[in-house]
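*Asks:* My questions all concern the structure below.
The values are calculated or read from the model by the stated rules, or taken from the named source; none is laboratory data. Here the structure is a predicted model, which is why all the values come from computation and not from measurement. Heads up, the Cβs are rebuilt from the backbone with ideal geometry, glycines too, and the neighbour counts pull from every protein chain shown.
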Amino acid sequence: MSNRIKELFQQKNKNILSIFCTAGFPNKNDIVSILEHAQKNGVDMVEIGMPFSDPTADGPVIQYSNTIAINNGMTLKVLFEQLKDIRQKINIPLVLMGYFNPVYQYGVENFLNDANACGIDGVIIPDLPMYEYETMYQQMFEKYKLKNIFLVTPQTSTERIKKIDVLSDAFIYIVSSNAITGGNADIQESQEKYFQRIQAMQLNNPIVIGFGIKDKSTFDTACNYANGAIIGTAFIKAIDQSKDLENDIASFIKKIQA
Amino acid sequence: MSENINSKYQVNEKGYYGQFGGAYIPEMLHPNIEELQQKYLEIIYDENFQKEFQQLLKDYVGRPTPLYFASRLSEKFQTQIYLKREDLCHTGAHKVNNTIGQILLAKRLGKTRIIAETGAGQHGVATATVCALMNLPCVVYMGEVDIQRQAPNVKRMQLLGAEVRPATSGSKTLKDATNEAMRDWIANPTDTHYIIGSVVGPHPFPDMVARFQSVISEEIKQQLNEKTGKENPDFVVACVGGGSNAAGAFYHFLDDEKVQLVAVEAAGHGVHSGKSAATTQLGRIGVLHSSKTLFMQTEDGQVVEPHSISAGLDYPGIGPMHANLFDTKRAHFLSATDDEALKAVQLLAKLEGIIPALESAHAIAVLDRIGAKQNDVVVLNLSGRGDKDLDTYIREII
Ligand SMILES: Cc1ncc(COP(=O)(O)O)c(C=O)c1O
């Protein structure tokens with residue numbers, strides 16, 4: 001069976017809308033209905049955040065959602081239980097994203113096995129470096145048919161980007177600026193130059209831009225340079241303390257797609 | 001200080017001590033860490049670097065610090081106790097050995113801005129001090145809780161021209177200050193150097209900080225030889241927060257297995273009280289602050305918030321070098337409670353006229369249980385002085 005991420009990019013190569021959402025936020029059992037509403041409203045792919053107490057690459061909003069989720073009792077065990085039958089309802093690609101330690105404690109192989117069993121398509125672990133991935137985990141990822149998705153930042157050298165392109169087999173996550181998640185500025189000229197540089201490299205893998213994508217305007221700009229973009233912090237804010245997930249998600253996504 | 005060390009207790013070329021260490025960094029930090037990994041040894045063993053470093057340690061820090069035979073303390077514990085007086089370093093603790101080294105390195109890397117994390121405030125003060133010395137802007141992250149309990153150090157940093165930024169997430173202590181400093185570095189990768197304050201963080205920080213602190217054991221060897229005719233003590237005792245003063249005190253004795261290394265952790269209210277920072281007893285292997293090491297965590301891998309009366313030991317983990325020393329049983333890990341540390345403060349003050357830092361007091365507190373005999377030579381690394389803890393001493397003791 002082919003991978004859902006690869007199918008998505010084969011069918012659609014522009015304006016791919018992806019959202020990031022922390023599992024267990026705002027309430028412990030919300031993830032399934034968030035996925036349903038996202039799919040219904042035309043979201044192309046979802047990154048499901050696995051909460052961690054010390055998310056060093058994230059800003060205050062995502063850290064806050066992590067804290068709430070942990071306090072709600074979210075763990076990987078709970079998450080896999082919630083996602084057990086998810087493929088009966090959801091057919092868009094799903095990616096798990098989170099820090100390495102909870103995965104390491106769960107057991108990397110157990111984690112990959114259970115993620116695969118739920119129908120997860122890919123994994124993003126920002127603090128699992130390329131060296132450790134290649135020497136210890138790459139074969140395991142392949143065995144369980146999960147795509148490992150790497151990040152590229154404005155500081156990543158051309159040589160390293162080429163290596164990442166070789167190691168990747170789904171898409172490459174382009175971090176928009178030298179910043180943690182949740183930046184508030186609009187996209188600057190220097191960032192557009194960086195996007196152009198990546199675009200000009202003509203990588204084999206599709207590219208998706210994330211960090212600081214927060215509304216229609218930043219989404220559209222990002223999509224000028226990439227196959228799509230990921231919205232995290234702004235989505236977390238939109239559903240924080242939501243009393244009506246269905247409505248809040250629909251109106252948030254409509255504004256992006258307007 | 002010599003570049004080549006061939007020891008099974010030292011870091012290997014991949015940045016690991018046994019199974020511990022590595023550089024589990026997000027991609028955003030990759031260029032910075034790679035640059036450091038490639039250049040740090042070349043830079044710090046450059047002749048000019050060494051000249052400047054040694055000169056500053058001598059004239060500015062006040063090294064060598066004395067190795068003092070504590071006769072009344074020795075009498076009390078029926079053994080031969082020498083105190084390595086890191087408390088007499090400029091700024092009041094061993095931390096400055098590292099910040100001098102790292103600021104010289106930062107300058108050679110062309111960095112123009114310095115950030116640091118701090119717990120007790122000693123590393124923050126030591127960083128603010130060298131930034132003043134080298135005329136570089138300095139931002140120190142400090143947990144909100146620590147800002148309150150170490151208020152005099154906050155004022156000292158400000159007087160030295162540093163900006164102190166509160167870390168308001170999590171337990172609002174050292175681990176959270178470290179998170180904030182990492183975030184700052186991610187946002188400012190080109191102009192900024194992050195002076196980590198202990199032997200923690202991604203490779204090469206643990207090894208680099210240990211090398212800068214290794215001057216402690218280098219001096220101990222020489223001073224002990226002058227005083228007793230032999231270079232090696234029977235015991236070296238040091239407290240462990242992240243582990244930098246212990247790393248420095250142990251460094252040149254690692255391969256002399258006859259020297260018993262004793263590391264002392266903070267037991268807080270008691271190891272199993274739920275309010276403790278005794279990492280080796282309560283922790284498991286995992287990845288925290290970009291290093292695979294031992295730290296306190298829940299079953300599903302969330303970091304557990306530690307407790308110690310001493311802000312400098314209030315950290316959920318230990319550095320990878322110490323994790324390996326524990327794992328291989330090369331060092332013996334003991335712990336002391338808040339109350340035991342406070343008693344040790346009084347003991348040293350009354351017997352020797354020295355008021356130690358709360359961190360260092362943890363090392364003194366275990367002197368009755370290390371198993372030293374009458375003629376054994378015990379070197380205790382007195383990592384810092386107690387000025388910063390006076391508020392706590394007034395509240396808890398006097
Ligand atoms: C006086 C003193 N001793 C010890 C420590 C603990 O740190 P480390 O274990 O890195 O020596 C600190 C930390 O702030 C300190 O100020």
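*Asks:* Looking at the structure I just gave you, is A:Ile70 more than 12 Å from chain B (Cβ to nearest Cβ) and modelled with pLDDT of 95 or more?
*Replies:* Judged against the criteria, A:Ile70 is not a match.
*Asks:* What about B:Gly170, is it part of a loop (DSSP other than H, G, I, E, B), in the same structural domain as B:Thr112 (by TED's automatic domain parsing) and over 20 Å from the mean Cα position of the chain (by Cα)?
*Replies:* So B:Gly170 passes the test.
*Asks:* Output the residues belonging to segment B:122-167 that are modelled with pLDDT of 95 or more and assigned to a loop (DSSP other than H, G, I, E, B).
*Replies:* B:Asn135, B:Leu136, B:Pro137, B:Leu160, B:Gly161, B:Ala162
*Asks:* Are any residues in segment B:158-179 at the interface with chain A (Cβ under 9 Å from one of its Cβ atoms) and of a type outside the set (S, T, N, Q), and if so, which ones?
*Replies:* B:Gly170, B:Lys175, B:Asp176
*Asks:* As an exercise: evaluate A:Ile16 against (1) of a type in the set (A, V, I, L, M); (2) surrounded by fewer than 17 Cβ atoms within 10 Å (Cβ to Cβ); (3) under 15 Å from the mean Cα position of the chain (by Cα) and give the number of the one condition it does not meet.
*Replies:* (2)
*Asks:* Kindly provide the set of residues from segment B:108-121 that are within 14 Å of the ligand (Cβ to nearest atom) and in a strand (DSSP E or B), ordered by number.
*Replies:* B:Ala116, B:Glu117, B:Thr118
*Asks:* For a quick check of your reading of the model, give me the residue pairs whose first member lies in segment B:313-334 and is closer than 12 Å to B:Gly241 by Cα and within 13 Å of the ligand (Cβ to nearest atom), whose second is of a type in the set (Asp, Glu) and at pLDDT 95 or above, with beta-carbon atoms closer than 6 Å and at least 6 apart or on different chains.
*Replies:* Here the result reads B:Leu313/B:Glu359, each pair linking segment B:313-334 to a residue that is of a type in the set (Asp, Glu) and at pLDDT 95 or above.
*Asks:* Now for a different question. Having 2 or more residues that are under 12 Å from the mean Cα position of the chain (by Cα) and of a type outside the set (Phe, Trp, Tyr) is the bar; report the helices (runs of 4 or more DSSP H) wholly within segment B:205-258 that clear it.
*Replies:* By residue number, B:205-213, B:244-250.
*Asks:* Would you please list the contacts, defined by Cβ atoms under 8 Å and residues six or more apart or on different chains, that run from a residue in segment B:265-277 that is on the phi < 0 side of the Ramachandran plot and in a loop (DSSP other than H, G, I, E, B) to a residue that is surrounded by 15 or more Cβ atoms within 10 Å (Cβ to Cβ) and among the polar types (S, T, N, Q)?
*Replies:* From segment B:265-277, the pairs are B:His269/B:Ser276; B:His269/B:Thr337; B:Val271/B:Gln281; B:Val271/B:Ser335; B:Ser276/B:Ser308; B:Ser276/B:Ser335; B:Ala277/B:Ser308.
*Asks:* Please work out if A:Asp121 is in contact with a helix residue (DSSP H, G or I) (Cβ under 6 Å, 6 or more places away or on another chain) and either closer than 26 Å to A:Ala69 by Cβ or within 14 Å of chain B (Cβ to nearest Cβ) (or both).
*Replies:* yes
*Asks:* Sort through A:Ile31, A:Ile62 and tell me the only one that's within 14 Å of chain B (Cβ to nearest Cβ), within 17 Å of A:Gln241 (Cα to Cα) and modelled with pLDDT of 95 or more.
*Replies:* Only one candidate passes the filter, namely A:Ile62.
*Asks:* Oh, and also: Select from segment B:295-312 the residues that are more than 12 Å from chain A (Cβ to nearest Cβ) and touching a helix residue (DSSP H, G or I) at 6+ places or on another chain (Cβ under 6 Å) and write down the one among them that is farthest from the ligand (Cβ to nearest atom).
*Replies:* Ranking the qualifying residues of segment B:295-312, first place goes to B:Ile309.
*Asks:* Condition first: within 16 Å of the ligand (Cβ to nearest atom), under 22 Å from B:Met321 (Cβ atoms) and either in contact with a helix residue (DSSP H, G or I) (Cβ under 6 Å, 6 or more places away or on another chain) or at pLDDT 95 or above (or both). Now tell me which residues in segment B:168-201 satisfy that.
*Replies:* Across segment B:168-201, the qualifying residues are B:Ala177, B:Thr178, B:Ala181, B:Tyr194, B:Ile195, B:Ile196, B:Gly197, B:Ser198, B:Val199, B:Val200, B:Gly201.
*Asks:* Another question, then. Do we have A:Asp244 as surrounded by fewer than 20 Cβ atoms within 10 Å (Cβ to Cβ) and either among the aromatic types (Phe, Trp, Tyr) or touching a residue at least 40 places away in the same chain (Cβ under 8 Å) (or both) here?
*Replies:* Against the criterion (surrounded by fewer than 20 Cβ atoms within 10 Å (Cβ to Cβ) and either among the aromatic types (Phe, Trp, Tyr) or touching a residue at least 40 places away in the same chain (Cβ under 8 Å) (or both)), A:Asp244 does not qualify.
*Asks:* Here is a further query. If the Cβ limit is 8 Å and pairs must be 6+ apart or interchain, which residue in segment B:222-234 that is of a type in the set (A, V, I, L, M) pairs with which residue that is surrounded by 14 or more Cβ atoms within 10 Å (Cβ to Cβ)?
*Replies:* B:Leu224/B:Leu67; B:Leu224/B:Tyr82; B:Leu224/B:Glu231; B:Leu224/B:Asn232; B:Leu224/B:Pro233; B:Leu224/B:Val377; B:Leu224/B:Val379
*Asks:* To continue, here is another question. Give just the number: which of (1) surrounded by fewer than 21 Cβ atoms within 10 Å (Cβ to Cβ); (2) assigned to a helix (DSSP H, G or I) does A:Leu112 not satisfy?
*Replies:* Just one mismatch for A:Leu112, condition (1).
*Asks:* Take the residues of segment A:87-109 that are out of contact with any strand residue (DSSP E or B) (no Cβ under 7 Å at 6 or more places or on another chain) and within 16 Å of A:Leu35 (Cβ to Cβ): which is surrounded by the fewest Cβ atoms within 10 Å (Cβ to Cβ)?
*Replies:* Among residues in segment A:87-109 that are out of contact with any strand residue (DSSP E or B) (no Cβ under 7 Å at 6 or more places or on another chain) and within 16 Å of A:Leu35 (Cβ to Cβ), the one surrounded by the fewest Cβ atoms within 10 Å (Cβ to Cβ) is A:Gln88.
*Asks:* Next question. Considering B:Tyr68, B:Tyr45, B:Tyr82, which residue is of a type in the set (Ser, Thr, Tyr), surrounded by fewer than 20 Cβ atoms within 10 Å (Cβ to Cβ) and in the same structural domain as B:Glu359 (by TED's automatic domain parsing)?
*Replies:* B:Tyr68
*Asks:* OK, next. Return the total of residues in segment A:79-105 being in contact (Cβ under 8 Å) with a residue 12 or more places away in the chain, more than 9 Å from chain B (Cβ to nearest Cβ) and in a helix (DSSP H, G or I).
*Replies:* So the answer is 5.
*Asks:* Among the numbered criteria (1) crowded, with 18+ Cβ neighbours inside 10 Å; (2) away from chain B (no Cβ under 11 Å), which one does A:Asn184 miss?
*Replies:* (1)
*Asks:* Would you be able to tell me the number of residues in segment A:128-154 that are within 10 Å of chain B (Cβ to nearest Cβ), in contact (Cβ under 8 Å) with a residue 12 or more places away in the chain and either touching an Asp or Glu at 6+ places or on another chain (Cβ under 8 Å) or more than 15 Å from B:Leu29 (Cβ to Cβ) (or both)?
*Replies:* 4
*Asks:* Would you mind finding the one in B:Lys8, B:Lys39, B:Lys76, B:Lys51 that is surrounded by fewer than 20 Cβ atoms within 10 Å (Cβ to Cβ), at pLDDT below 95, out of contact with any Lys or Arg (no Cβ under 7 Å at 6 or more places or on another chain) and not aliphatic (A, V, I, L, M)?
*Replies:* It is B:Lys8.
*Asks:* Now for a different question. Return the residues of segment B:359-398 that are in contact with a Leu (Cβ under 6 Å, 6 or more places away or on another chain) and either within 14 Å of chain A (Cβ to nearest Cβ) or within 16 Å of the ligand (Cβ to nearest atom) (or both); say none if nothing qualifies.
*Replies:* B:Glu359, B:Ser360, B:Ala363, B:Ile364, B:Val366, B:Leu380, B:Leu382, B:Asp389
*Asks:* B:Asp314 passes all but one of (1) at pLDDT 95 or above; (2) farther than 27 Å from B:Gln223 by Cβ; which number fails?
*Replies:* Unmet condition: (1).
*Asks:* Looking at (1) touching a Ser or Thr at 6+ places or on another chain (Cβ under 6 Å); (2) without any contact (Cβ under 8 Å) to a residue 60 or more places away in the chain; (3) polar (S, T, N, Q), which is the one condition that is false for B:Ser244?
*Replies:* The number of the failed condition is (2).
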